[in-house]
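What follows is a short report on a single structure.
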Amino acid sequence: MEAYPDPRSPWLAVIGAGPAGLRAAEVAVAAGVRVTVFDAQPSVGRKFLVAGSGGLNLTKSVPGERFAAQYLGGPAGFWAERIAEFGPEDLRAWAADLGVETFAATTGRVYPRSMKGAPLLRAWVRRLRERGVTFAVRHRWSGFAAEGLRFATPSGERLVTPTATVLALGGGSWPETGSDAAWIAPLAAVGVRVEPLAAANCGWEADWPEAVRAWAGTPLKNLAVTAGAQRAAGELLLTDYGLEGGVIYAVGAALRAMAEPEMRVDFKPAVEAATLVRRFGAVPRGRVEAELAVEAARRWRLGPAVAALLAASGGGDVAGLAVRVKNFPVRLRGPRPLAEAISSAGGVAWDEVDAGTLMLRRQPGVFLAGEMLDWEAPTGGYLLHGCFVTGALAGAAAARYVLGS
Ligand SMILES: Cc1cc2nc3c(=O)[nH]c(=O)nc-3n(C[C@H](O)[C@H](O)[C@H](O)COP(=O)(O)OP(=O)(O)OC[C@H]3O[C@@H](n4cnc5c(N)ncnc54)[C@H](O)[C@@H]3O)c2cc1C
């Protein structure tokens, strides 16, 4: 365990060694402030490493306005300002400076060439140490004390007295990585309002009949989904419990807002219903309706999983089937558990912080960053990018606070 900075001279405590906390530490140390990063876990950046295990999607190469529009939550103009300050190309240049070359896939998603998070995290932590940042792991922040911060450590409770603090404690998904949202209680104890955490970028459950469940594991490609005012195009994955995939993640906020969540799937977004009917041609004699659905799925090249969905949803004539293919209702039971989700919606309410500095109004000198704030974004690199830019804002403001003290 490394020693804490001398409490007689000003310093900044960053709690939470995920991307938001590390970025806050980086910006603060560059501003000339002494920084110690604390984390409850025995090592840093565990969720970042999990994110890297399936290909670390760092950011997305799309124009600033379109980029900022992906974020839900936060005051008007907040994300546009952040992305104007530090956009996708800046993040790529930052990674290159660490020796990590990136590439943009045809979708615009940006990944390290190795696809992994570990080399980037190693280089980042090494550079932070070289610049003077110290790390104290196995330090679980348990709340505020009159004089500072309380930590549970292997050698008992410790009281730490920094000049300012950045809390970057993450959301509530994948608690085994350390992001267990246990920070809600100590913040609530000082009156800070937290919007309940909810699973975001997650699968949803549906009551499939057996004939549909038999196709679990089948990707459903080239479709479009509408839920309330949200629409997304791409791919879904049929699972035994319901649906997964980027398209359902993208409409999750709309589904969560519905008392009885339902979405509509267009299995043939590029073709009109009338064209489908024409393409079907002559109706085979003597076909029962369920067989007609299977035949339609075959002639419209929809695949056997969609055929099973159509057949299970009731038969109908060709015109009726065409309408259903274009506007197929899927009732959902609810989201998968938060622990499984890629991210969480909800978090510290925006009216609890000053949006220009991310300082808690009730706790001067305490700044917030990353997923623990009440915002959400779809997958595609927007989550990590959001953590970087809020980390930078909090780190810079906290450094000014320390230097001015
Ligand atoms: C499977 C998976 C894949 C993902 N893939 C991507 C992707 O490709 N692209 C993308 O943009 N996003 C991805 N994400 C999301 C992304 O990883 C998170 O949004 C991001 O890590 C959040 O960063 P953060 O710094 O806010 O918090 P975290 O990374 O969660 O870090 C919070 C840190 O705080 C520590 N901590 C918590 N409580 C305490 C406490 N009381 N005391 C001390 N320390 C504490 C934790 O140990 C943790 O190290 C993925 C997430 C998952 C689960």
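Applying the set (1) at pLDDT below 95; (2) more than 29 Å from Glu291 (Cα to Cα) to Leu255 leaves exactly one unmet item: (1).
When region 7-24 is limited to residues that are touching a residue at least 12 places away in the same chain (Cβ under 8 Å) and either more than 11 Å from the ligand (Cβ to nearest atom) or of a type in the set (Lys, Arg) (or both), the one that is farthest from Pro175 (Cα to Cα) turns out to be Ser9.
Beta carbons closer than 9 Å, at least 6 apart along the sequence or on distinct chains, pair a first residue in region 256-268 that is within 12 Å of Arg331 (Cβ to Cβ) and in the same structural domain as Trp208 (by TED's automatic domain parsing) with a second that is in a strand (DSSP E or B) and among the charged types (D, E, K, R) for Glu260/Arg331; Pro261/Arg331; Glu262/Arg331; Met263/Arg331. Of all the listed residues (Glu81, Glu2), the sole one being away from the ligand (no atom under 14 Å from the Cβ) and either under 14 Å from the mean Cα position of the chain (by Cα) or modelled with pLDDT under 95 (or both) is Glu2. Of all residues in region 84-109, those that are in the same structural domain as Ala68 (by TED's automatic domain parsing) have Cβ atoms under 6 Å from Cβ atoms of residues that are hydroxyl-bearing (Ser, Thr, Tyr) and in a loop (DSSP other than H, G, I, E, B), 6 or more apart or on another chain, in Pro88/Ser61; Ala104/Ser61; Gly108/Ser61. Quick check on Ala392: is it small (Gly, Ala, Ser), within 21 Å of Glu26 (Cα to Cα) and more than 15 Å from the ligand (Cβ to nearest atom)? Judged against the criteria, Ala392 is not a match.
Would you pick out the residues in region 295-314 that are more than 30 Å from Ala199 (Cα to Cα) and crowded, with 16+ Cβ neighbours inside 10 Å?
Of the residues in region 295-314, the ones more than 30 Å from Ala199 (Cα to Cα) are 295-304, 307, 311, 314.
Hits for region 295-314 are Glu295, Ala296, Ala297, Trp300, Leu302, Gly303, Ala307, Ala311.
The residues of region 193-213 that are among the hydrophobic types (A, V, I, L, M, F, W, C) and either exposed (fewer than 13 other Cβ atoms within 10 Å of the Cβ) or within 14 Å of the ligand (Cβ to nearest atom) (or both), listed by number, are Val194, Leu197, Ala199, Ala200, Cys202.
Do the conditions hold for Asp90, that is, is it away from the ligand (no atom under 14 Å from the Cβ) and in a loop (DSSP other than H, G, I, E, B)? Even if it seems obvious, please write down each step before you answer.
Details: away from the ligand (no atom under 14 Å from the Cβ): yes; in a loop (DSSP other than H, G, I, E, B): no.
Taking the combined requirement at face value, the residue does not satisfy it.
For region 129-146, the condition of being more than 27 Å from the chain's Cα centre (by Cα), within 14 Å of the ligand (Cβ to nearest atom) and farther than 16 Å from Arg46 by Cβ holds for at least one residue.
Mind checking whether some residue in region 147-159 is within 14 Å of the ligand (Cβ to nearest atom), under 29 Å from Leu360 (Cα atoms) and surrounded by 18 or more Cβ atoms within 10 Å (Cβ to Cβ)? Checked region 147-159: at least one residue is within 14 Å of the ligand (Cβ to nearest atom), under 29 Å from Leu360 (Cα atoms) and surrounded by 18 or more Cβ atoms within 10 Å (Cβ to Cβ).
Is there a residue in region 36-48 that is closer than 17 Å to Ala95 by Cβ and either surrounded by fewer than 24 Cβ atoms within 10 Å (Cβ to Cβ) or within 9 Å of the ligand (Cβ to nearest atom) (or both)? Looking for residues that are closer than 17 Å to Ala95 by Cβ and either surrounded by fewer than 24 Cβ atoms within 10 Å (Cβ to Cβ) or within 9 Å of the ligand (Cβ to nearest atom) (or both), one finds at least one in region 36-48, hence yes. Each residue in region 28-52 was checked for being of a type outside the set (D, E, K, R) and under 15 Å from the mean Cα position of the chain (by Cα), and 5 of them qualify.
Is it the case that region 319-334 has a residue that's away from the ligand (no atom under 12 Å from the Cβ) and closer than 25 Å to Ala84 by Cβ? No, because not a single residue in region 319-334 is away from the ligand (no atom under 12 Å from the Cβ) and closer than 25 Å to Ala84 by Cβ.
Taking first residues from region 158-184 that are at pLDDT 95 or above and partners that are among the β-branched types (Val, Ile, Thr) and assigned to a strand (DSSP E or B), the Cβ contacts under 6 Å between residues at least 6 apart in sequence or on separate chains come to Thr165/Val366; Val166/Val14; Leu167/Ile15; Ile184/Val194. When the test is whether a residue is surrounded by fewer than 17 Cβ atoms within 10 Å (Cβ to Cβ), basic (Lys, Arg) and part of a helix (DSSP H, G or I), Arg285 does not pass it.
Within region 185-224, the residues that satisfy the criterion of being under 30 Å from Trp350 (Cα atoms), under 20 Å from the mean Cα position of the chain (by Cα) and either small (Gly, Ala, Ser) or not in a loop (DSSP other than H, G, I, E, B) (or both) are Val194, Glu195, Pro196, Leu197, Ala198, Ala199, Ala200, Gly203, Trp204.
Within region 355-387, the residues that satisfy the criterion of being over 17 Å from Gly73 (Cβ atoms) and either surrounded by 24 or more Cβ atoms within 10 Å (Cβ to Cβ) or not charged (D, E, K, R) (or both) are Thr357, Met359, Gln363, Pro364, Gly365, Val366, Phe367, Gly381. Taking the criterion of being surrounded by fewer than 16 Cβ atoms within 10 Å (Cβ to Cβ), touching a residue at least 12 places away in the same chain (Cβ under 8 Å) and over 25 Å from Leu187 (Cβ atoms), the residues of region 128-146 that qualify are Arg131, Gly132. Among the residues of region 160-184, those identified as within 12 Å of the ligand (Cβ to nearest atom) and either more than 26 Å from Glu340 (Cβ to Cβ) or touching a Lys or Arg at 6+ places or on another chain (Cβ under 7 Å) (or both) are Val160, Thr165, Val166, Gly170, Trp174, Thr177, Gly178, Ser179.
The values are calculated or read from the model by the stated rules, or taken from the named source; none is laboratory data. It should be emphasised that the depicted structure is a prediction, and the values quoted were computed from it without experimental measurement. Here Cβ is always computed from backbone atoms with ideal geometry, including for glycine, and neighbour counts include all displayed protein chains.
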